[in-house]
Amino acid sequence: MGSETVSSSGNAAPLRIMHVASEYEGLAKSGGLADVARALPAALAALGCEVRVLVPCYGPLRDRDFDRLIPSLSVPLNLTERFGCSIRVWQDGPVTVYLLEHNEFFDRPGLYDDAHGPYEDNPLRFSLLTKTAFELCKALDYRPDILHSHDWQTALAGYYRNVHYANDPFFADTRVVFNVHNGAYQGLCHARWLGTIGIDPAHFTPEQFEDHGEINLLKGGVAFSDAIVPVSPGYASELLEEKTSHGLWRQFRTHQSRLQGILNGCDYRQWNPETDRQIPARYSAEDLSGKARCKASLQASVGLAPEAQQPLFGLVSRLTDQKGFHYLIPALHDLLQHPVQLVLLGSGDPHFVGQLRHLAESHPGQVQFTEGYSDTLAHRIEAGSDFFLMPSLFEPCGLNQIYSMRYGTLPIVRLTGGLKDTVVPLRADQSNADEATGLGFTNPVIGELAACLESAVSLYQGQPDLYAQLQQNAMAQRFTWHRAAEDYLALYQSLS
């Protein structure tokens, strides 16, 4: 990287950063990656960086009123093939967003899959996205100091920079930062894709891309990037351990010197009970009367009994093993022996869907389950609940526990990854009541979770003053994107 970089005082030339991601909130979203891909560039721009983002122009975006910036861009993906693309552009505040238009690849029903499963050519689709980032920079004469890639979809950025563009002076000062949002998704694919996506067979080794005879794109991203950034310090530590690394602990340990966890931020413009227009009453830490109205309104709207004194447990989640449902659902059966209520929102594994439906049908007026996702209902659950359930088997960062704290809804978490970085659990002896912001348990087993849930009931019904203290502690927490962007900026500057 060149010597000129941005400083907090703004005295130096702006740092030039190109993000390349498969999702972007407001354009295409399947999870938290989209939120990061939008919020982090905006926060970096606020620090004085010159930030641009490249994302696919998925089918629904073709009808949006985006200017066509480059009608024809030829992208050499491998030694023999070039792909014709076009580039559209959207100005999202201070961030310039480019959309890669290649309809054969991106005009499809889903981002990554359809009713039949993942698209077989996903390696080709997203390798083209990644390679286009380099060709777009050259077409625009935009020399990035940092090319910032996100998850397996764009993991080849480091490889392309160090192999395909190794002798290209245009990228002589470019460094590649690779975000690991969820290491369980690794971009595993058949070795027949090697030549198509431009990987030299010489790099198909256990130290780089080879994984039990298949290509592992995330593994290669770890090998070739200048910095590897899991989305929390806790998750970074877990990726170094055999049991919690999704099988890649040796790879992460080999490149540990380039590994740094940086905690995601929260967009408090969207998640703030003082300004939230999706909840029936606004409230603050100083005046919680609106929260009681939110609880009563939520109970009424979903058909729960109007029990103001019963603790209401909320959940908004994908229904997957990762989120702990295989031990959460049995623990909920135990919890429902107490005078409590549950309101649950999520979609995913049909097995868990069926179990939650049965739970609701067996406890009318006490349990309500909505399959799917509703942003409005998600906000109302955060605001109207007394506790929020997040017993994840693993959680790279997590955002709902951060939302919950801001809304005065105590999170109940398994102490893993980003959850243990953000939630301070109340100790059994309650000696940390002045700093605790929720409840937690350690081992992913039914018994520990059930005991934690019983502690929550006892806290709410038997120690209202202590519950109120934890609620105030939680609402005072702030995990801002400004803080995260400062950490990323320091990392970028260290790569010079």
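The values are calculated or read from the model by the stated rules, or taken from the named source; none is laboratory data. Everything quoted here is computed from the prediction, not taken from an experiment. All Cβ positions, glycine included, derive from the backbone under ideal geometry; neighbour counts span all protein chains shown. Just the protein is used for accessible areas: all its heavy atoms, side chains included, with ligands, DNA and RNA removed. Shrake-Rupley method; radii C 1.70, N 1.55, O 1.52, S 1.80 Å.
State the number of residues belonging to segment 165-185 that are free of Cβ contacts under 8 Å to residues at least 60 places away in the same chain and touching a helix residue (DSSP H, G or I) at 6+ places or on another chain (Cβ under 9 Å). Of the residues in segment 165-185, 7 are free of Cβ contacts under 8 Å to residues at least 60 places away in the same chain and touching a helix residue (DSSP H, G or I) at 6+ places or on another chain (Cβ under 9 Å).
Working carefully through the options Ala227, Ala184, Ala223, Ala191, find the one that is hydrophobic (A, V, I, L, M, F, W, C) and within 16 Å of the chain's Cα centre (by Cα). None of the other options fit; the residue is Ala184. Restricting Glu286, Glu274 to residues that are assigned to a loop (DSSP other than H, G, I, E, B), open to solvent by 30 Å² or more (accessible area, probe 1.4 Å) and touching a Phe, Trp or Tyr at 6+ places or on another chain (Cβ under 8 Å) narrows the list to Glu274. Take Gln477 and tell me if it is open to solvent by 50 Å² or more (accessible area, probe 1.4 Å), in contact with a helix residue (DSSP H, G or I) (Cβ under 8 Å, 6 or more places away or on another chain) and on the phi > 0 side of the Ramachandran plot. No.
Answer with yes or no whether Trp193 is of a type in the set (A, V, I, L, M, F, W, C), crowded, with 17+ Cβ neighbours inside 10 Å, farther than 29 Å from Leu491 by Cα and at pLDDT 95 or above.
In short, yes.
Taking each residue of segment 28-51 that is closer than 17 Å to Tyr98 by Cα and without any contact (Cβ under 8 Å) to a residue 24 or more places away in the chain and looking for partners that are assigned to a loop (DSSP other than H, G, I, E, B) and open to solvent by less than 20 Å² (accessible area, probe 1.4 Å) with beta-carbon atoms closer than 9 Å, six or more apart or interchain, yields Lys29/Glu23; Ala34/Ala21; Ala34/Ser22; Ala34/Glu23. Of all the listed residues (Gly26, Gly32), the sole one being under 20 Å from the mean Cα position of the chain (by Cα) and crowded, with 19+ Cβ neighbours inside 10 Å is Gly32. Of all residue pairs spaced 6 or more apart or on separate chains, those with beta-carbon atoms under 8 Å, a first member in segment 69-89 that is aromatic (Phe, Trp, Tyr) and a second member that is surrounded by 11 or more Cβ atoms within 10 Å (Cβ to Cβ) and outside any strand (DSSP E or B) are Phe83/Leu77; Phe83/His102; Phe83/Leu128.
In segment 225-252, the residues that are part of a helix (DSSP H, G or I) form Cβ pairs under 7 Å with partners that are of a type in the set (Lys, Arg) and open to solvent by 10 Å² or more (accessible area, probe 1.4 Å), at six or more places apart or across chains, as follows: Gly234/Lys420; Gln251/Lys219.
One line per residue, one yes/no per condition, for (1) open to solvent by less than 20 Å² (accessible area, probe 1.4 Å); (2) within 27 Å of Asp35 (Cβ to Cβ):
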{"site": "Phe83", "(1), (2)": "no, no"}
{"site": "Leu100", "(1), (2)": "yes, yes"}
{"site": "Asn103", "(1), (2)": "no, yes"}
{"site": "Pro118", "(1), (2)": "no, yes"}
{"site": "Ala133", "(1), (2)": "yes, yes"}
{"site": "Cys137", "(1), (2)": "yes, yes"}
{"site": "Asp141", "(1), (2)": "no, no"}
{"site": "Ile146", "(1), (2)": "yes, yes"}
